[in-house]
Structures are given as structure tokens and as C-alpha cells.
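J.: Would you mind keeping the following structure in view while I ask a few things?
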Amino acid sequence: MATIAATVVSGFGSQSVTETTLTAADTFTYDASKKPVLLLRNPTAGALSPTIDGDGGATVDVSGIGPVDVSAGFAVGSIAVGAHKFIVLKSIEGYLKGTIGVTGGTGLVASLLHF
């Protein structure tokens, strides 16, 4: 299990980004005040479909819709070989309660950016 470390994006010019190669089960910390974005890059030989899930989420109340079940986690969708996907974590924060895990992404390279 790896912990996805955050890179604080600040200042001017170029910056180094911390990358974490994912294993079968990885974690990260969500801090909404940092405006976090999770970038996933697939350098493997096959498409991968990771899921992001906090162990404290069951349902969230969505205005105009009502309760929505988030217990299965957020399915990122297939990431093709050589492709990138990013997730603005604020947009899925209902899934990010408790200890947050990323599964199904073994071999993906993750970068957690704090703005």
C-alpha cells in the first residue's frame, strides 16, 4: 500500500511533481481547502479502471435529487495505455469521507496537486 503524497503548487516557473506508482490499494488525504486535483497516468501495457472510495461514505443528499448511494466509490472509468485522467476532488467529495483508498489502479502513476 502506498500513500499518495501531495505536491503544493505555488510560486513561479517550473516545479517538480511528486509521483506515486499505485499498488493494489493506495491512500491519500483529502483537504478541500487545498483545491486538490488527482492526476492519473497510465504507463502500463493495458487499460485500467480505478475506483476512489472513502470508507466513511454511504449516502449523500444531493439537492434536487435526494439521497445518492456512494458506498461503492467513484469509478474513474477506463484509462487507456499512455493516457491521463484528472479528477477535481471537490467534485466528488461525497465519496471522500473517512480513509480514502484507490483500488484497481495497479501500475498507474498518481500525482496529487494542491493549489
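No lab work stands behind these numbers, since they all come straight from the coordinates. Owing to the predicted nature of the structure, the values given are computational and were not obtained by experimental measurement. Here the Cβ is made from the backbone with ideal geometry for all residues, glycine too, and neighbour counts use every protein chain on show.
J.: Report the label-to-label distance for T29 and A75 in nanometres (one decimal), using points 7 Å from each Cα along the Cα→Cβ vector.
T.: Between T29 and A75, the simple spin-label model gives 3.2 nm.
J.: Continuing with the same structure: List, largest first, the extents of the alpha carbons of segment 19-114 along their principal axes, each in whole Å.
T.: In descending order, the Cα extents are 41, 25, 21 Å.
J.: Same structure, new question: Sorting check: for 104-112, 5-13, which peptide has the highest mean count of neighbouring beta carbons within 10 Å, and how do the rest follow?
T.: The peptides rank, most packed first, as 104-112, 5-13.
J.: Amide H to amide H, which residues 5 or more places from I79 or on other chains are under 5 Å from it, using H placed in the peptide plane?
T.: The list, which skips near neighbours in sequence, is L48, S49.
J.: Read phi for every residue in segment 34-45 and hand back ³J(HN,Hα) as whole Hz from Karplus 6.51 cos²θ - 1.76 cosθ + 1.60, θ = phi - 60°, with x for Gly and Pro.
T.: Taking θ as phi minus 60°, the curve returns 8, 6, x, 10, 9, 9, 10, 10, 10, x, 7, 8 Hz for segment 34-45.
J.: What full-extension length gain, to one decimal in nm, is calculated for V17 and A83 as 0.36 nm per residue of separation minus the Cα-Cα distance?
T.: 22.0 nm
J.: Decide, for segment 1-46, between rounded, prolate and oblate: order the square roots of the alpha carbon gyration tensor eigenvalues as a ≥ b ≥ c, take rounded if a/c falls under 1.5, and otherwise choose prolate if a/b is larger than b/c, else oblate.
T.: The shape class here is oblate.
J.: Net charge within 13 Å of V9 by Cβ-Cβ distance, Lys/Arg positive one each and Asp/Glu negative one each, not counting V9 itself?
T.: Values: positive: K34, K35; negative: none.
Neighbour charge sum, excluding V9 itself: +2.
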